[in-house]
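Everything below concerns the one structure shown next.
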Amino acid sequence: MIKEIITYPTVESLEFGGVVRHFDETLLETIQDLKDTIVANNIESLSAFQIGSPLAVFVILQDNGEFLEIINPVIITREGVVHPTETTAYFPGLSATTKRYEKIKITYEDATGKQQFLDAEGKLAIQIQRKSDYLLGANFRIRMSKEEQQLFDAKLEYGTDAFKNNDCPTTFKRDSILRVIKYGLYAGIIGIILSFFLSASNVAVLKTYEEYLSMTLLGLLVIYFFYAQYEGRQYTNCSSCQLGNIVGTATIQGSKILLLFLASYFIL
């Protein structure tokens, strides 16, 4: 029987990966439902979770047209690493780059309860690993790098697979340099205000501190200017306006640092 495929954000209240202990008619019906649903939706594989069953079962439609029925799978050896671009029916229309083992060996049981062993590599190995994730109550998101997860979350938010790794982001690592400069300016302003309440000897020490602070902030600004250009070149879709933003930001911050230096020079 053709079943409805569970899709994000629906999460069924199931006991994930329920070990199959009874190789009975219920198990055979679940396997047949998986096959019917695979054919009806023109996809290559499904786990029982994806049609609302807690059983540790998944079915893969192989290139030769035959179905591979895997029950209670356990991966016993792993070899090599690959980074495939995957899709899954749980997140329809979306793709992501994951980290998988290139070759695996699994032990599992067939529909009669007989133990089997299988060496898999390439496409089949990836399919087995992806379906096994569902048996753990997870999906391929847990196999992504932190950066890929952030990209995939953006795809989920906007409901499109159009986001690419080279899309111009809204935040950059260079922003952390600007934050340090901002806090440094705050510290310098506080120092100037405190000078009105300090003795002459302490003001002299404070003036030296302010001079070093101004030079440090200027150095950070130079680092920001060059690093910001380098970072912008990593994203092919960033427009030329980014350079204008970098120059404008550097000019504004440079003016603030200059004012801080002049204030400490004439006041302290």
Scan Ile31, Ile5, Ile60 and give me the residue that is hydrophobic (A, V, I, L, M, F, W, C), in contact with a strand residue (DSSP E or B) (Cβ under 8 Å, 6 or more places away or on another chain) and over 24 Å from Lys114 (Cα atoms). Ile5
Which one of these does Gly219 not meet: (1) at pLDDT 90 or above; (2) surrounded by 14 or more Cβ atoms within 10 Å (Cβ to Cβ); (3) of a type outside the set (Ser, Thr, Tyr)? (2)
Looking only at residues that are part of a loop (DSSP other than H, G, I, E, B) and not β-branched (Val, Ile, Thr) in the stretch 77-98, which one is surrounded by the fewest Cβ atoms within 10 Å (Cβ to Cβ)? Gly93
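Return the residue satisfying two criteria in turn: it lies in the stretch 117-159 and is among the basic types (Lys, Arg) and closer than 19 Å to Glu44 by Cβ, and of such residues it is surrounded by the fewest Cβ atoms within 10 Å (Cβ to Cβ).
Lys123
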Out of Ala125, Ala120, report the one residue that is at pLDDT 95 or above and more than 13 Å from Val82 (Cα to Cα). Ala120
Return the pair list, or none, for Cβ contacts closer than 6 Å from residues in the stretch 24-48 that are among the aliphatic types (A, V, I, L, M) to residues that are modelled with pLDDT of 95 or more and assigned to a loop (DSSP other than H, G, I, E, B), at least 6 apart or on different chains. Ala40/Ile2
Please work out if Thr77 is of a type in the set (Ser, Thr, Tyr), under 27 Å from the mean Cα position of the chain (by Cα) and assigned by TED's automatic domain parsing to the domain that holds Glu109. yes
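Return yes or no: is Gly52 surrounded by fewer than 16 Cβ atoms within 10 Å (Cβ to Cβ), closer than 29 Å to Ser145 by Cα and touching a Phe, Trp or Tyr at 6+ places or on another chain (Cβ under 8 Å)?
no
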State which residue pairs qualify: first residue surrounded by fewer than 11 Cβ atoms within 10 Å (Cβ to Cβ) and inside the stretch 171-186, second residue among the hydroxyl-bearing types (Ser, Thr, Tyr) and not in a helix (DSSP H, G or I) in any location, beta carbons under 7 Å apart, and separation of 6 or more residues or different chains. none
Scanning the stretch 99-129 residue by residue, those part of a strand (DSSP E or B), of a type in the set (Val, Ile, Thr) and in contact with a Ser or Thr (Cβ under 9 Å, 6 or more places away or on another chain) turn out to be Ile104, Ile106
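The values are calculated or read from the model by the stated rules, or taken from the named source; none is laboratory data. All values derive from a computational prediction rather than experimental measurement. A quick note on method: Cβ atoms are made from the backbone with ideal geometry, for glycine too, and the neighbour counts reach across all protein chains shown.
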